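Note sheet for the following structure.
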Amino acid sequence: MRKKLQDYLPPILLKTYEFPLLCDTEQPEIDRLRDAADAVLDAQFISTAGETAIARYEKIFGITPMDTDTLAERRFKVLAKINAQLPFSVRRLRQQLETLCGADGYKLELDGDRYTLTVKVALTAKRNQQAVEELLADIVPANMVCTTSLLYNTWEQIKKLTWGELKKLTWREIKEEVLPDGANT
């Protein structure tokens, strides 16, 4: 709760006619000033940046957001661009994927003999698959083949549900959507 201007005045001045009226008149202006100062501070950090600040970061990094992107998804793309640090190492890639998708939000498979790298994005983070693809395109060497896909539900997750719960879902939902009641954990 923010303090009102009247809270800063000594009690003797609150008994006058002019000072409480003056405080009531100036309060909206002070509130707008505080909000603007908070917005400037929030813009310094990607996780708290507002719409205007994220648009500025997107312009700096050359990111074109989709019309359907939420603010959180736009933050994710900016963060992915900032976190793309070279040189490439699998350890660094795991750190970046964990930062962007969460500890259980991806599965990384590397075949060093065939120079292939596969990243499977968890269903809980499937809207971030394109951003993961862009991250891989930026940091993985050109002589490696990169593929991304979704980490679909397996029998281990599906068998935790009852037949009654499964009857409510379509085959596509069973395969490609986050299952109810924590079956994805």
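Side notes on the structure shown:
- Accessible area ranking (1.4 Å probe, heavy atoms, ligands and nucleic acids excluded), largest first, for Leu100, Leu79: Leu79, Leu100.
- Phi angles of the stretch 91-98 translate, via the Karplus equation with coefficients 6.51, -1.76, 1.60 and θ = phi - 60°, into HN-Hα couplings of 4, 5, 4, 4, 4, 5, 5, 5 Hz per residue; Gly and Pro are given as x.
- Among Thr99, Thr148, Thr68, the largest mean-square fluctuation in a Gaussian network model of the chain (Cα springs under 10 Å) belongs to Thr68.
- Measuring only protein heavy atoms, the 1.4 Å probe finds Ser149 accessible over about 40 Å².
- Accessible-area order (highest first, 1.4 angstrom probe) of the listed residues Asp24, Asp104: Asp104, Asp24
- Which label in [x] 82, 50, 29; [y] 44, 40, 30; [z] 74, 48, 23 gives the computed Cα extents along the principal axes in Å: [x]
- Listed residues Thr148, Ile174, Val132: farthest to the positive end of the dipole of the stretch 99-185 (Cβ charges): Ile174
- Placed amide H near Thr116: partners under 5 Å, 5+ positions off or other chain: Asp111, Val145
- Pairs of lysines in the chain (C-alpha under 21 Å apart; 8 or more residues apart or interchain): 21
- Glu98-Asp138 pseudo-label distance in nm [points 7 Å out on the Cα-to-Cβ vector]: 2.0
- Of the residues Tyr57, Tyr17, the one with the largest accessible area comes first in the ranking Tyr17, Tyr57, computed with a 1.4 Å probe on protein heavy atoms.
- In Å², nearest 10: area of Leu22 left accessible to a 1.4 Å probe: 90
- For the stretch 58-73, backbone nitrogen atoms closer than 11 Å to the point 7 Å from Ile82 Cα along Cα-to-C-beta are found at 58.
- Within a Gaussian network of the chain (alpha carbon springs, distance under 10 Å), most fluctuating of Phe88, Phe45, Phe19: Phe19
The values are calculated or read from the model by the stated rules, or taken from the named source; none is laboratory data. What you see is a predicted model, and the numbers here were worked out from it, not measured in a lab. Methodologically, a virtual Cβ is constructed for each residue, glycine included, from the backbone with ideal geometry; neighbour enumeration extends over all protein chains shown. The accessibility values were calculated without ligands, DNA or RNA, using every heavy atom of the protein model including side chains. Shrake-Rupley method; radii C 1.70, N 1.55, O 1.52, S 1.80 Å.
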